[in-house]
Amino acid sequence: MLGFLSARQTGLEDPLRLRRAESTRRVLGLELNKDRDIERIHGSGVNTLDIEPVEARYMLSGGSDGVIVLYDLENSSRQPYYTCKAVCSVGRNHPDVHKYSVETVQWYPHDTGMFTSSSFDKTLKVWDTNTLQTADIFNFEETVYSHHMSPVATKHCLVAVGTRGPKVQLCDLKSGSCSHILQGHRQEILAVSWSPRCEYILATASADSRVKLWDVRRASGCLFTLDQHNGKKSQAVESANTAHNGKVNGLCFTSDGLHLLTVGTDNRMRLWNSSNGENTLELYSGSRDCNILAWVPSLYEPVPDNDEPTTKSQLNPAFEDAWSSSDEEG
């Protein structure tokens, strides 16, 4: 690191290269915090966690026992060793408690006064944090696997919901009803995620081995389906136009929204260009002995060796519209 600092001072190294090296060093040095503990409330496994983005102080947890717990992560004792206490919980005696396992909890992205939870009991519940009562309940015909609210939406209040059925359902918090359905997958929807860059772009992952990106303003189907072979036919025809060789059970956008990370039951993680669906061919694999997988994205593009001017990458029109610097242009 001292060598990087010296090279940076003399102008021999790019500042972003120094930043990336430090980020990598910190990630590789990650370990469990020995000074902080969490009060144990759940009687069985914890399926989902979410820390609110406003203050990063409160954390939600949802368990396989149907219980939801709210923790305060702040060290109010000012002691070097402390336990994060549970502020409140939706226990088994609560009248609105989920009957079965809680699969996803999420804070409302803009304040801590509301959060959502979904469960195997075929419901999505909207909670008032102050009263710990349900403000609304959405009922589905199938088991709910996941849901997600857009972290950047200002023009809609849609919650994307993935269920045991092949249809992605969009629930409107304003109207309290299911606004419309996205059809295209063949099996259950295991994960959904809104883009942090465009409020109308949604990614969905399914047990049919496919990942689709949607512009929810369009009624003509998805924008594109991710293909691990980038359009080149593989020897196994059945694997063509699929993201993984197995169920896709997780996905998330990078913080800038430019890339999408997916994970499947084939023990692979893949990184995709979210604007055109191209597989970057960055492949991550695990094994039975692999406990931690850390990923530090590249923070800059290498400069071409030739002097030819680079051309602007071709973005999907939906991304170009949503990412323009001004909505009043044109």
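The values are calculated or read from the model by the stated rules, or taken from the named source; none is laboratory data. The shown structure was predicted, so the numbers you read here are calculated from the model rather than taken from an experiment. Reconstructed Cβ throughout: ideal geometry from the backbone, glycine too, with neighbour counts over all protein chains shown. Side chains included, ligands, DNA and RNA excluded: accessible areas come from the protein's heavy atoms. Shrake-Rupley method; radii C 1.70, N 1.55, O 1.52, S 1.80 Å.
As a rough guide to protection, the peptides 21-30, 253-262, 63-72 ranked by mean Cβ packing within 10 Å, highest first, stand as 63-72, 253-262, 21-30. Rolling a 1.4 Å probe across the protein heavy atoms gives the range 110-221 an accessible surface of 40 Å² per residue. Remark: the range 62-69, residue by residue, has Karplus-estimated 3J(HN,Hα) of x, x, 6, 8, x, 8, 10, 10 Hz, where x stands for each Gly or Pro and the curve is 6.51 cos²θ - 1.76 cosθ + 1.60 at θ = phi - 60°.
Please report the net charge: other residues with Cβ closer than 13 Å to the Cβ of residue 167, K and R +1, D and E -1. Don't jump to the answer; show the numbers that get you there.
Details: positive: 164, 186, 212; negative: 141, 142, 188, 208.
Net local charge, residue 167 excluded: -1.
Its Kirkwood hydrodynamic radius, worked out from the mean inverse distance over all distinct Cα pairs, puts the range 1-92 at 16.3 Å. Here is the list for the range 109-201: trypsin sites (Lys or Arg not before Pro) lying in DSSP coil, each with at most 13 other C-beta atoms within 10 angstrom of its C-beta, are 155, 174, 186. Sorting 110, 185 by solvent-accessible area of protein heavy atoms yields 110, 185, largest first, with a 1.4 Å probe.
Scanning residues 5 or more positions from residue 135 or on other chains, those with amide H under 5 Å from its amide H are 126, 127, 128, with H placed 1.01 Å from N in the peptide plane. Accessible surface comparison of 103, 52, probe 1.4 Å, protein chains only, largest first: the order is 103, 52.
Give me the percent of the accessible area of the range 1-69 that comes from carbon and sulfur atoms, probe 1.4 Å, all protein chains in place. Carbon and sulfur atoms account for 52 percent of the accessible area of the range 1-69.
State in Å² the accessible area per residue of the range 3-81; use a 1.4 Å probe, count heavy atoms of protein chains only, and round to the nearest integer. The partial results should precede the final answer.
Working: 5470 Å² over 79 residues.
Result: 69 Å² per residue.
In a simple Cβ point-charge model (Lys, Arg +1; Asp, Glu -1; nothing else charged), the range 96-234 has a dipole of about 640 debye relative to its Cα centre. Oblate is the label for the range 111-169. Its Cα gyration tensor axes, ordered a ≥ b ≥ c, give a/c of at least 1.5 and b/c at or above a/b.
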